[in-house]
Amino acid sequence: MKLLPVAALSNAFCLALLLLHTESTQPPFSCDSENPQTKSFPFCQTKLPIRKRVQDLVSRLTLDEKITQLVNSAPAIPRLGVSPYEWWSEALHGVSGYGHGVSFIGSIGHVTSFPQVLLTAATFDSHLWYRIGQATGTEARAVYNAGQAKGMTFWAPNINIFRDPRWGRGQETPGEDPLVAGNYAVAYVRGIQGDSFQGGTLNNGHLQASACCKHFTAYDLENWNGVMRYGFDAQVTQQDLADTYQPPFRSCVKDGRASGIMCAYNRVNGVPNCADYNLLTKTARGEWGFHGYITSDCDAVAAMYDVQKYTKSPEETVADVLKAGMDVNCGTFLKNYTKSAVQQKMLPESEIDRALHNLFAVQMRLGLFNGDPNKQLFGNIGPNQVCTQEHQELALETARNGIVLLKNSAKLLPLLKNKITSLAVIGPNGNNAYALLGNYEGRPCKSVEILKALQSFVKNTKFHPGCNAVNCTSVAIDDAVNTAKGADYVVLVMGLDQTQETEDHDRLYLTLPGQQESLVTAVAEAADKPVILVLVCGGPVDVSFAKYNPKIGSILWAGYPGEAGGIALAEIIFGDHNPGGKLPVTWYPKNFIRVPMTDMRMRPEPSSGYPGRTYRFYTGEKVFEFGYGLSYSAYTYKFVSSTPNTIYLNQLLNSPTTTESSNSLHTLSVSDMGEDICEKAKFSAVVGIENLGEVSGRHAVLLFARPIMPSQRNPLKQLVGFQSVNLNSGERTELEFVISPCEHLSTATEDGLMVIEEGYKYLMLEDEEHPINIVESEERQELAAMVVEVYGPEYASSKRVIVSLIEKEIEFDVVDVDAFEGENKSPDYLKLQAYSQVESEERQELAAMVVKVYGPEYASSKRVIVSLIEKEIEFDVVDVDAFEGENKSPDYLKLQLQTGNHTRSESHSRKRGKQGKILDIYEERLWTKKYLAGDFFSLADLSHLQLGHYLLNGVGKEYMIRDRKHVSAWWDVISNRPSWMKALRLFPYPN
C-alpha cells in the first residue's frame, strides 16, 4: 500500500474532524480550540481586531481556495481548519427551510411562522416589527446551535416597493410606501441581528444573525406577459430613484446597519444591478457607509451573460460584478470562470481579496471563527427557545392587529356569540391552514384552519369549498347555496394563494380568480342575512362588486396571516378583538391592468393618460385607498397647539444657500444641510386622540403631509409618521410625531436631488389638518401675511404662491425700454408707471415690505409689483380679436395687458389706443412659451390661473372687461391642450 505524505495525513485528519462536526449535532465552525494546528493562526485569535484577522486568513489562501469561497455554498479549507459555509438561508417571516442553509430534521422540527410581511406591515407598529425580528433571530440561532443550519446569513427583509398590484412577491414586502418599508427594514434588521430597538448597541459588532436588504434595486416584476425578471431592464428616472426606490435601502443600511445586501436580477437603465459600481460601491458603501457583504440573487450573474447579453464572455461578466463591488455569487458562475478571468488579466486578484475580506468579516462577526459556538456569546440559545409561548402569542398578536376591516354595513360585525346557533363557512380557503402562511414559510409550530377556529365559537358550523381550488375553474354554486341556507350567518373565505401570486409568477388580472365572484354573489343572494366576505390574499383584489352589494355586509382582508391567523380572524368576527389594521397598499380597480407592468414611472402623465402609481402619485379611481381600515370604535383627532406653524430655511443653515427651482420657489438642498443640521431641524407634531367607541382597541395612527397645491414634482400626499396606540373606551392620549424636514418634507428634483421647498404644506390626520409654512426667512413670512391682510382671506391658501410671484413679476412686468424695438419705445407703452400712486397705508406698507425682502433695486417699481398681484387676470386672458394678421394664429398668441383704464371702448378692441396699448412682452415671459409648447404646468403657472379665476369669480364684473366670447376663446385654447387638463380640473371655468 502507498504511504501518504505527512501533509496529506494532516489534511485528512482535519477533514475528518470537519465531517464529524457536520454530521453530529454540533454546528459548523472554524478555529476549533481542540485542533492544535489552528491555535497558532492569527485569524483564530479573538483578541485581534477582525480586520487583522481577515487579512491574515486571506493572505494564507491560494488562488484556487479563494475562488471556492466566492459562491453561496463555500466548501471547507481543511488545511486551515476553515469549515464549510452556506450563505443562503431565508427568514422572511420566521426561519424558513427555503435555501440551502436550514434543515428541520433534528431536535427542532418546527418554528414560529409569523404573518406574511404585508399583513404585518398593516399593523403600522414598529415595535411589533422589532419583536418579530428578535424572535426570528433567536430561533435562527437556536437552529444553528442545534446543528441544523450551515450558516447564519438570512436573506431578509424584502423591502422593494410594492409598485404594481399584480406583482407576485408584493406579499413579501411592507407595502408601497418608502417610509413604511424603510422603518420596517430598520426594526426587523435590528431585531434579528441582536441590536436594541433604538440601535447602536451591538456587542462589539457581534451579530446574533445576519440580515440582508433585498432586492437592490427597483425590482418588482417576476414574469408578466413574457417579460422575465432575469432580463428586464427597468427604466427609472433619477427622481423616482431618489424618493421612492432607494430610501428603504438607505434606511436599511444607514439606520438598521444591515450586514448584507442582495443585488437584484434586473437591470436599471441598462446596467445590471450586480454590475453597477455606482450602486454597490459609490452609493451603498460610499454614501451610506455599508459594512458587510453583497450577494447576487441566485443565478443573477449567469443571467447577465446568458439572458441579458450584457457582456461578451463569462470572464468579462466575472470581472464586471467583482469590480462593481459584489462579493458572493448565489450560483456557480464565479466558481467556474473566475480563474480564467484572472489568467486573461481581466480581473486583478486584489478584487477577489476585497470580496473575501467582506465575506470573512461577516462570518467572524457571527462568531463562527471563535471556536465552538455553544461556548460563545449566543451559545445558550437552544431548542427550548423555539416555538415558545411568547413567540406564538406574538404571531397571534400580529395577525389580530394586521387584519383590516374594509366594510361593516349596519355594524354587522362583531357577531354576538350567545345569539348564534349555526354558521356556514364557504370558500376554497376556508379549510386550508397552509394557504394562510404565504411564501417563504417555515414549518409552523401549530396549524389552525379558519373553519376550525370558527367552530370553536359555533359548534354547529357547516363547510363547503364552493370551488375545486382557489383558481375556481369549476364551481358548485347549488351545493354552496344549500349549505348557506338556514345558517344564521355565512362566512365566505375567498381570495388567492401561492398558485396565483408568488415568486416567478405575476397576476394578469386584479379580480378574484375564476368563478369566485359568481359564487360569492349567488351565496350572498341566497343567505338569510348579509354575509361576511374574508379575503385571504397578498396583493389587492378588485372587490367593487362586494363593496357596493348590500347583501355583503362586511369585508375583511386577512392577508396571509400565518400560523395563528385562523384564530385571530375568528376572534375579530366574534368581537374578542377590535380590528385596527390599515391597508399598506392601494387597492386598484380591475381596469388598472391596462397600465403596462413594465412602466416604472411613479408620477402621472396626464397627456398620455398614465395615472401614476401608489397613493403618493396615483390619480385614478381606487377600490380602497392606502391607510384605509375600519374599527369597532370611533376615534377623533386634534392637533395640539404646541405643533409649530412655520419653518425658516435661513435658520437651517449657518450661511443660507438657497436656490431657485423651476417653479420659482426657493429651495434648500438636503445634501448641503448635512446630517447634523437635519437632526437639529426636527420638530414635534403633537396629536390628541380619543376613543369615542364602546370598546377598547389598538389603533394605527397615520400622519400625512400634503402640499397646498399639487404639482408634477410633489406627491399628492406623503406619509410622515405612524404609530400604534391602544385606547380603552372613552380614553384620550397624546402622541408625539418627530418630523424631519430633510426626510419628511423634502421633494426630489428631476435630477434626483432632495430639496426642501418653500411653500405651505398641511399635516393631515384623517379630516384634521395643520398648516406648516416653509419660508426662507421671517421677513418673507411677514410679507406673505401682509398680502393676505391687504387682499383678503381668500388668498390665504395661496399666499405662498403670491409671494413667490411678487419676486418673479419684475422679470416680465417691469418695462425695460431698451428691451423693445421700434415704436414700442414710445412712452405710450410705459403705462405701467401709472400704478405708482399709493392707494392706502396698507398697500404702502406692503410695497415697503417688498423692498425690504427683495432689495432696494425694486424701489422704483415696487408699486408696479404690488399692483400687478391684483391684476393677474389682465394678462392671463387672451383676447383673440385684439390681434390682427398672423397674430391670430395660436402659435403667436400673446398675453394681453390692459393698462390705464379699467374699461375699454369698442374702438380699442382692434386698435392700440393711447389708454389701451397691448404691451408686447410675451417673449420675456418664459412661461408663455412653455404653455404654447404644451409643457406641463409648474406650480407658479397654476397660480396665475388660480388668481385669475379668483378675480373672475369673486372680485366683480369690473374686471370682466372682455365679453364672454373672448373669455371662451381663451378657454378653448387651453382646453385643447391635454397638458393643461390638470389645471382645468383644479380651477373650473367660472359660471
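The values are calculated or read from the model by the stated rules, or taken from the named source; none is laboratory data. Keep in mind that what you see is a predicted model, and the values were worked out from it rather than measured. A quick note on method: Cβ atoms are made from the backbone with ideal geometry, for glycine too, and the neighbour counts reach across all protein chains shown. Each accessible area value is taken on the protein alone, full model and side chains, heavy atoms only, with ligands, DNA and RNA left out. Shrake-Rupley method; radii C 1.70, N 1.55, O 1.52, S 1.80 Å.
Quick notes
- Output for the range 687-723, where each listed residue is within 15 Å of SER631 (Cα to Cα), in contact with a strand residue (DSSP E or B) (Cβ under 8 Å, 6 or more places away or on another chain) and open to solvent by 30 Å² or more (accessible area, probe 1.4 Å): GLU690, LEU692, SER696, ARG698
- Odd one out for LEU202 among (1) at pLDDT 95 or above; (2) touching an Asp or Glu at 6+ places or on another chain (Cβ under 8 Å): (1)
- Hits in the range 9-53 (condition: at pLDDT below 80 and more than 23 Å from SER107 (Cα to Cα)): LEU9, SER10, ASN11, ALA12, PHE13, CYS14, LEU15, ALA16
- Entirely in the range 463-581, the strands (runs of 3 or more DSSP E) that have 3 or more residues that are touching a Gly at 6+ places or on another chain (Cβ under 9 Å) and of a type in the set (A, V, I, L, M, F, W, C): 489-495, 531-536
- Residue that is surrounded by the fewest Cβ atoms within 10 Å (Cβ to Cβ), among those in the range 212-231 that are farther than 13 Å from THR598 by Cα and touching a residue at least 60 places away in the same chain (Cβ under 8 Å): TYR230
- For the range 583-601, a tally of residues being buried (at least 22 other Cβ atoms within 10 Å of the Cβ) and under 19 Å from PHE624 (Cα atoms) returns 7.
Condition check ((1) aliphatic (A, V, I, L, M); (2) part of a helix (DSSP H, G or I)) across all residues:
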site: ASN160; (1), (2): no, no
site: ARG163; (1), (2): no, no
site: GLY168; (1), (2): no, no
site: GLN171; (1), (2): no, yes
site: PRO174; (1), (2): no, no
site: VAL180; (1), (2): yes, yes
site: TYR184; (1), (2): no, yes
site: TYR188; (1), (2): no, yes
site: GLY191; (1), (2): no, yes
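- No other residue among VAL623, VAL536 is within 30 Å of ALA395 (Cα to Cα), hydrophobic (A, V, I, L, M, F, W, C), in contact (Cβ under 8 Å) with a residue 60 or more places away in the chain and surrounded by fewer than 24 Cβ atoms within 10 Å (Cβ to Cβ) apart from VAL623.
- ARG141 being in contact (Cβ under 8 Å) with a residue 40 or more places away in the chain and assigned to a loop (DSSP other than H, G, I, E, B): no
- Residues (open to solvent by 20 Å² or more (accessible area, probe 1.4 Å) and touching a Gly at 6+ places or on another chain (Cβ under 6 Å)) located in the range 422-450: VAL448, GLU449
- Residue that is modelled with the highest pLDDT, among those in the range 640-671 that are among the hydrophobic types (A, V, I, L, M, F, W, C) and over 12 Å from ALA681 (Cα atoms): VAL640
- Residues being on the phi > 0 side of the Ramachandran plot and part of a helix (DSSP H, G or I) - total across the range 331-384: 0
- For LEU735, the conditions (1) open to solvent by 30 Å² or more (accessible area, probe 1.4 Å); (2) part of a strand (DSSP E or B); (3) not β-branched (Val, Ile, Thr) all hold with the exception of (1).
- Matching option when the condition is open to solvent by 20 Å² or more (accessible area, probe 1.4 Å), aromatic (Phe, Trp, Tyr), under 27 Å from VAL686 (Cα atoms) and outside any loop (DSSP other than H, G, I, E, B), among TYR632, TYR637: TYR637
- Criterion violated by LEU377 - all others in (1) modelled with pLDDT of 95 or more; (2) more than 30 Å from HIS699 (Cβ to Cβ) satisfied: (1)
- Count of the range 137-154 residues which are in contact with an Asp or Glu (Cβ under 6 Å, 6 or more places away or on another chain) and crowded, with 24+ Cβ neighbours inside 10 Å: 1
- Among the residues of the range 241-282, those that are closer than 29 Å to GLN134 by Cα and part of a strand (DSSP E or B) comprise GLY260, ILE261, MET262, CYS263.
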